[in-house]
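The values are calculated or read from the model by the stated rules, or taken from the named source; none is laboratory data. Fair warning: this is a prediction, and the values are worked out from it, not measured in the lab. Positions of Cβ are generated from backbone atoms using ideal geometry, with glycine treated the same way; all protein chains shown enter the neighbour counts. Keep in mind that these areas ignore ligands, DNA and RNA; they rest on the heavy atoms of the full protein, side chains included. Shrake-Rupley method; radii C 1.70, N 1.55, O 1.52, S 1.80 Å.
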Amino acid sequence: MILASREPRRHWPHRLTLALALGLLGAPAFTQAATPVPDPGAPLPYVIGLHEAYLTADYWAARLDNADAPILDRAQIEAQNARMRAQDKHIQDIATLPAQLSAAQVRDSITTLSSWPTRALYDDKGRAIAPDVRSAIEANLGLDAVPSQVSPDYALVVKRAALRTFPTRQRVFSTVGDTDIDRFQESALFPGDKVAVVHRSTDGRWLFVHSERYSAWIEADAVASGDKATVLGYGAKGPYRIVTAGTAHTAYTPEEPRVSRLQLDMGMRLPVLADWPAAEPVNGQQAHASWVVQLPVREADGRLKLLPALLPRSQETAADYLPLTPRLLLQQAFKFLGERYGWGHDYDTRDCSGFVSEIYRSFGVLLPRNTSAQAVSPALDRLPFTAKDGKAVRDRAVTDLQVGDLVYIPGHVMMAIGHVDGRTWVIHDTAGGSWFGADGKRVQAHLNGVSVTPLEPMMASDSVRYIDRITNIQRLRAKNP
């Protein structure tokens with residue numbers, strides 16, 4: 001159930017300059033550190049102004065004089081998350097769903113998402129999606145089969161799985177030949193994510209689910225149903241391991257394939273079975289070189305079972321969420337550097353909003369799923385822009401960006417990492433990008449992954465800068481009660 005939005009918190013645009021002058025903003029600024037900064041070396045080809053040293057987190061951290069100062073402490077992060085859950089309508093508390101939903105409520109949830117696009121769609125061979133294919137996909141929604149009253153079924157996700165617009169694996173594209181952006185790909189859920197199942201597709205292979213940050217279709221074999229208390233209680237108590245790598249994997253095990261080599265993405269929190277007997281093997285392997293974690297699996301009848309699995313100590317994890325500091329923010333962001341862009345978490349990777357969400361999730365910070373929701377979230381410290389904000393206002397805001405600030409243009413988000421050579425630099429997961437080359441012609445880059453670029457030269461067209469298209473800047477910082 002989506003919570004109603006409250007009045008947004010006080011914005012900071014008109015007080016920004018004064019606050020900066022008085023040193024009132026708590027997040028660390030991009031000031032030159034007392035310790036030596038590495039020589040960036042010769043410029044690299046292609047990306048404008050880029051040096052090899054800029055491709056390391058250490059370079060940007062060395063430019064800060066307070067890289068290890070907390071941006072928010074644990075209590076402040078918990079307060080931030082509480083505001084997010086209370087104030088942002090895009091965050092859903094599935095624990096508060098009614099015991100019975102009406103057919104109208106369920107159909108409305110489905111049709112809000114599963115509405116056929118008005119644009120032309122093509123398959124991966126460049127063929128227009130045929131009317132009979134569309135009809136079969138829409139029929140699989142099973143809207144006529146929704147009963148008058150629906151009791152939500154609670155379940156845990158058992159493997160990384162796509163969230164889809166429609167209950168189908170059919171990939172569809174807006175442009176012939178461009179098969180990276182599947183318009184039916186919405187997002188992904190991860191092992192241990194909690195969902196409420198409210199409908200099953202006509203063919204029985206797909207479930208419509210509500211999760212904390214999204215409602216969409218997921219394949220039925222990716223979830224396991226259990227009683228509400230067990231599902232909602234999974235991982236509620238420590239000890240834990242927090243995945244701090246970009247991705248980690250459980251140990252391979254032929255004895256129990258359901259927990260073998262599972263992909264675990266940054267920020268996932270896994271309960272640890274701390275009292276596991278040291279001499280007792282887990283799935284055929286002695287456990288001293290691993291953490292024994294508890295993972296959900298799906299039984300043949302679709303029911304939930306919790307099993308032990310091995311998470312090797314070689315996989316990058318921590319006993320708790322990381323301290324939220326500029327240095328660690330940079331380190332976490334750069335762990336994705338060069339990863340292929342994955343629209344809607346496709347390709348087992350992530351897109352721009354997933355990228356920043358997973359960085360912040362490793363610190364225990366909750367963000368909405370999509371850029372459109374992140375950009376306007378009333379729970380964050382938002383600096384909005386309108387058409388009335390001219391070049392001077394926008395350029396000043398960019399100059400004042402701090403490590404970890406999130407910069408939004410329509411359909412995209414970038415994370416600020418520092419200033420050097422008169423430019424502001426960002427790290428972002430991007431499908432493209434452009435800038436003017438030395439010959440005065442605009443370079444149409446196919447970055448297609450997590451990249452480091454300067455912000456000022458980035459162009460949305462021959463005459464419009466990215467900076468001119470900024471809609472919002474979001475910052476995390478301590479709020480007064």
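Key figures
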| read-out | value |
| --- | --- |
| Extreme residue, surrounded by the most Cβ atoms within 10 Å (Cβ to Cβ), among residues of segment 369-400 that are outside any loop (DSSP other than H, G, I, E, B) and acidic (Asp, Glu) | 381 |
| Residue check for residue 403: out of contact with any Pro (no Cβ under 9 Å at 6 or more places or on another chain) and either at pLDDT 95 or above or not in a helix (DSSP H, G or I) (or both) | no |
| Segments classed as strands (runs of 3 or more DSSP E), wholly inside segment 106-216, with at least 3 members that are over 28 Å from residue 301 (Cβ atoms), in contact with a helix residue (DSSP H, G or I) (Cβ under 8 Å, 6 or more places away or on another chain) and of a type in the set (D, E, K, R) | none |
| Total residues in segment 437-481, condition assigned to a strand (DSSP E or B) and either more than 24 Å from residue 53 (Cβ to Cβ) or open to solvent by less than 10 Å² (accessible area, probe 1.4 Å) (or both) | 13 |
| Residues located in segment 406-421, provided they are of a type outside the set (A, V, I, L, M, F, W, C), farther than 17 Å from residue 327 by Cα and at pLDDT 95 or above | 408, 410, 411, 412 |
| Candidate set from segment 309-343 (those that are open to solvent by less than 60 Å² (accessible area, probe 1.4 Å) and part of a strand (DSSP E or B)); member that is farthest from residue 236 (Cα to Cα) | 341 |
| Qualifying positions in segment 42-101 - modelled with pLDDT of 95 or more, in a strand (DSSP E or B) and open to solvent by 20 Å² or more (accessible area, probe 1.4 Å) | 51 |
| Filter result for the condition that a residue is in contact with a His (Cβ under 9 Å, 6 or more places away or on another chain) and of a type in the set (Val, Ile, Thr), over 198, 157 | 198 |
| Strands (runs of 3 or more DSSP E) contained entirely in segment 220-308, each with at least 2 residues that are in contact (Cβ under 8 Å) with a residue 24 or more places away in the chain and open to solvent by 50 Å² or more (accessible area, probe 1.4 Å) | 290-298 |
| Matching option when the condition is without any contact (Cβ under 8 Å) to a residue 60 or more places away in the chain and not hydrophobic (A, V, I, L, M, F, W, C), among 444, 474 | 444 |
| Members of segment 168-197 that are closer than 25 Å to residue 135 by Cβ, surrounded by fewer than 22 Cβ atoms within 10 Å (Cβ to Cβ) and aliphatic (A, V, I, L, M) | 176, 181 |
